[in-house]
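What follows is a short report on a single structure.
The values are calculated or read from the model by the stated rules, or taken from the named source; none is laboratory data. Everything numeric here is computed off the predicted structure, so don't read it as measured data. Please note: Cβ atoms are built from the backbone with ideal geometry, for glycine as well, and neighbour counts cover all protein chains shown.
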Amino acid sequence: HAAYNPLQSINLTHDLDSTAFEVVAGKQGLFGESDMLRVSLTAPLHVEGGALEYRSMEVVDRSTGEIGEVTHSWNVSGKREYRMEALYRTPIMDGKGEIAAFSLIDVNPPTVNNNVSLTIGTRLKFGL
């Protein structure tokens, strides 16, 4: 728990604007009666604009020790992340099993700076 200090403040200098969206389409019976394809494009919650401002009393002249108000600003918006996913699945072995494949392309993911992340996978499921 931080103590109150009247010589420091954190403010939003502008309103924070954020947006997100998702578009999904699916089709069953694409190549056969029971197969399914699903594709989606999403943009996770993203801060479009705004800044944080921190004001405090600090030493402004090291040679004299003069103290004055100093302001630091941080832009809290960044690059928008986009995710594109595709999933295809179809039954096998007369409906006793299923095979599925998926892919995910992540543009500007938060864990990889200025890059693209690609994930591809398959799943095989069957009963005995």
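Suppose we keep only residues that are touching a residue at least 40 places away in the same chain (Cβ under 8 Å) and within 26 Å of the chain's Cα centre (by Cα) within segment 78-91. Which one would you say is nearest to residue 113 (Cα to Cα)? Within segment 78-91, the match that is nearest to residue 113 (Cα to Cα) is 82.
Could you say whether any residue in segment 2-18 is at pLDDT 90 or above, part of a strand (DSSP E or B) and closer than 25 Å to residue 82 by Cα? Within segment 2-18 (the criterion being at pLDDT 90 or above, part of a strand (DSSP E or B) and closer than 25 Å to residue 82 by Cα), the answer is no, since none of the residues qualifies.
Quick check on residue 39: is it modelled with pLDDT under 90, among the β-branched types (Val, Ile, Thr) and under 30 Å from residue 123 (Cβ atoms)? In short, no. Could you tell me whether residue 29 is within 30 Å of residue 126 (Cβ to Cβ), modelled with pLDDT of 90 or more and surrounded by 12 or more Cβ atoms within 10 Å (Cβ to Cβ)? Judged against the criteria, residue 29 is not a match.
Screening 63, 73, 77, 103 for residues that are hydroxyl-bearing (Ser, Thr, Tyr) and under 30 Å from residue 36 (Cα atoms) leaves exactly one candidate, 103.
This table checks each residue for (1) at pLDDT below 90; (2) under 23 Å from residue 45 (Cα atoms).
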{"residue": "89", "(1), (2)": "no, no"}
{"residue": "98", "(1), (2)": "no, no"}
{"residue": "103", "(1), (2)": "no, yes"}
{"residue": "106", "(1), (2)": "no, yes"}
{"residue": "109", "(1), (2)": "yes, yes"}
{"residue": "112", "(1), (2)": "yes, yes"}
{"residue": "121", "(1), (2)": "no, no"}
{"residue": "125", "(1), (2)": "no, no"}
{"residue": "128", "(1), (2)": "yes, no"}
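Of all the residues in segment 42-60, those that are surrounded by fewer than 14 Cβ atoms within 10 Å (Cβ to Cβ) and either hydrophobic (A, V, I, L, M, F, W, C) or within 17 Å of the chain's Cα centre (by Cα) (or both) number 6.
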